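Have a look at the structure below, then the notes.
The values are calculated or read from the model by the stated rules, or taken from the named source; none is laboratory data. Since we're looking at a predicted model, the values are computed, not measured. Heads up, the Cβs are rebuilt from the backbone with ideal geometry, glycines too, and the neighbour counts pull from every protein chain shown.
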Amino acid sequence: MRLGEIAERLNCRLEGDASIEIRGVAGIEVAEPGELTFLSHPRYRRALETTRASAVIVGPDVVLKRGLGLPPLAPLRSQNPYLDFARAIELFYQPPRYVPGVHPTAVVAASARIGSGAHIGPYCFVDERVEIGQNAVLHSFVVIYRDARIGDDFFAHAHAVVREGCKVGHRATLQNGAIVGGDGFGFAKQTDGRWYKMQQSGVTIIEDDVEIQANACVDRATVGETRIRRGAKIDDLVLVGHSSKVGEDTLLCGQVGLAGSTVVGNRCILAGQAGAAGHLMIGDNTVITSQSGVPSDVPAGAVYSGYPSIENKKWLKNMAALNRLPDLQKTVRKLQAEVMRLRAKAAAG
């Protein structure tokens with residue numbers, strides 16, 4: 001595909017030879033001639049001097065510097081290079097398509113209703129009274145429990161599970177091993193010290209355009225519902241505890257854990273290994289940085305870090321002070337020694 005056509009389809013401003021032939025996309029450090037790359041993070045700015053790519057998607061004010069002996073690099077000016085690179089990938093790569101039909105090894109209950117264009121792959125199981133919309137893909141070994149309701153354009157990769165009575169909206173994606181509606185972690189302690197399992201009678205509701213990635217679990221509610229709202233994205237190995245609510249377009253990154261009844265607002269980001277104690281609220285547009293522990297409510301628009309989590313600016317100051325503790329300790333010891341010397345001198349005088 002010629003570079004001029006790519007620029008037009010991405011709505012980017014091209015500064016360079018529109019006739020350059022582009023055969024694919026690649027990262028800035030490994031791109032070869034004939035490939036398109038991008039720059040969105042300042043950390044990789046120096047790579048512009050050495051990349052072998054033929055073209056690069058960059059911001060409107062980025063200055064291109066090239067090393068000696070390297071071919072020219074044509075910039076495509078973009079207001080959002082990362083987004084436009086994501087769109088560029090789609091110009092060269094199309095995911096596999098699956099032929100409609102039910103594989104002979106799949107088991108589909110007679111009472112299940114499957115929409116037109118659906119693909120039910122090898123060894124899948126669709127239980128009684130399940131409803132699945134049009135153009136769904138159940139790859140292989142996917143299990144849909146009874147009374148589940150699933151919308152159009154659903155894609156479930158191998159070993160994904162949707163449990164009984166749960167609801168999944170349109171254009172939802174479950175990556176390998178994702179579990180929607182597993183039992184919440186509910187146990188009541190008895191007088192003899194043993195644990196009594198509480199029946200998890202609620203459901204999990206996944207709204208439209210949600211993606212749940214590999215081996216993540218969204219537990220069903222003890223009573224009521226656990227809900228993941230439209231456009232939320234849940235990374236690998238995330239746990240969303242029973243009766244929790246996750247807002248629209250919120251990101252839960254790898255190994256995030258939400259204890260039961262946590263409410264996360266819209267457009268939040270919980271970075272890797274962040275955890276919430278449960279029965280608390282995190283406001284809209286909030287960022288919880290990596291490995292932070294949230295023991296109580298967090299206001300909207302905040303950035304919190306550490307454990308127990310506090311405002312990020314305060315946490316950074318605390319960390320700076322912590323790094324100076326050895327020097328402060330030496331100073332305190334010197335002052336203590338000086339005080340003791342003066343006291344001894346005064347006593348002797």
Where VAL102 falls short, out of the listed (1) in contact with a strand residue (DSSP E or B) (Cβ under 6 Å, 6 or more places away or on another chain); (2) among the aliphatic types (A, V, I, L, M); (3) over 21 Å from ASN176 (Cα atoms); (4) surrounded by fewer than 18 Cβ atoms within 10 Å (Cβ to Cβ): (3)
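Here's the yes/no breakdown for (1) surrounded by fewer than 23 Cβ atoms within 10 Å (Cβ to Cβ); (2) acidic (Asp, Glu):
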residue: VAL246; (1), (2): no, no
residue: ASP249; (1), (2): yes, yes
residue: GLY254; (1), (2): yes, no
residue: SER261; (1), (2): yes, no
residue: ASP297; (1), (2): yes, yes
Out of ARG52, ARG43, sole residue that is surrounded by fewer than 20 Cβ atoms within 10 Å (Cβ to Cβ), touching a residue at least 12 places away in the same chain (Cβ under 8 Å), outside any strand (DSSP E or B) and in the same structural domain as VAL63 (by TED's automatic domain parsing): ARG52
Only listed residue being at positive phi and either outside any loop (DSSP other than H, G, I, E, B) or of a type in the set (Asp, Glu) (or both), chosen from ASP249, ASP327, ASP284: ASP249
Residue within region 297-312 that is under 30 Å from ASN266 (Cα atoms), within 24 Å of the chain's Cα centre (by Cα) and assigned to a helix (DSSP H, G or I) present: yes
Where a residue in region 82-100 is over 15 Å from SER40 (Cα atoms) and its partner, wherever it lies, is exposed (fewer than 12 other Cβ atoms within 10 Å of the Cβ), with Cβ under 6 Å and at least six apart: none
The listed residue being in the same structural domain as ALA160 (by TED's automatic domain parsing), at pLDDT 95 or above, under 18 Å from GLY169 (Cβ atoms) and not charged (D, E, K, R), out of VAL256, VAL287, VAL298, VAL203: VAL203
Filtered residue count, region 1-17, keeping only those that are part of a loop (DSSP other than H, G, I, E, B) and under 31 Å from the mean Cα position of the chain (by Cα): 2
Residues satisfying the stated conditions in region 23-38, i.e. in contact with a Phe, Trp or Tyr (Cβ under 9 Å, 6 or more places away or on another chain), under 18 Å from TYR82 (Cα atoms) and of a type outside the set (S, T, N, Q): GLY24, VAL25, GLY27, ILE28, GLU29, LEU36, PHE38
Boolean, GLU35 is surrounded by 13 or more Cβ atoms within 10 Å (Cβ to Cβ) and in contact with a Gly (Cβ under 8 Å, 6 or more places away or on another chain): yes
Among the residues listed as THR262, THR250, THR226, THR289, the single one being of a type in the set (S, T, N, Q) and under 20 Å from ARG163 (Cα atoms): THR226
Hits in region 40-59 - residues which are of a type in the set (A, V, I, L, M) and within 25 Å of the chain's Cα centre (by Cα): ILE57, VAL58
Enumeration of residues in region 7-17 that are at pLDDT 95 or above and either over 11 Å from LEU36 (Cβ atoms) or not small (Gly, Ala, Ser) (or both): GLU8, ARG9, LEU10, ASN11, CYS12, ARG13, LEU14
Filter pass, ALA86 being surrounded by fewer than 20 Cβ atoms within 10 Å (Cβ to Cβ), part of a loop (DSSP other than H, G, I, E, B) and of a type in the set (A, V, I, L, M): no
Some residue of region 18-28 being in contact with a Pro (Cβ under 9 Å, 6 or more places away or on another chain), at negative phi and in a loop (DSSP other than H, G, I, E, B): no
Residues of region 93-106 that turn out to be over 15 Å from HIS139 (Cβ atoms) and modelled with pLDDT of 95 or more, as a count: 1
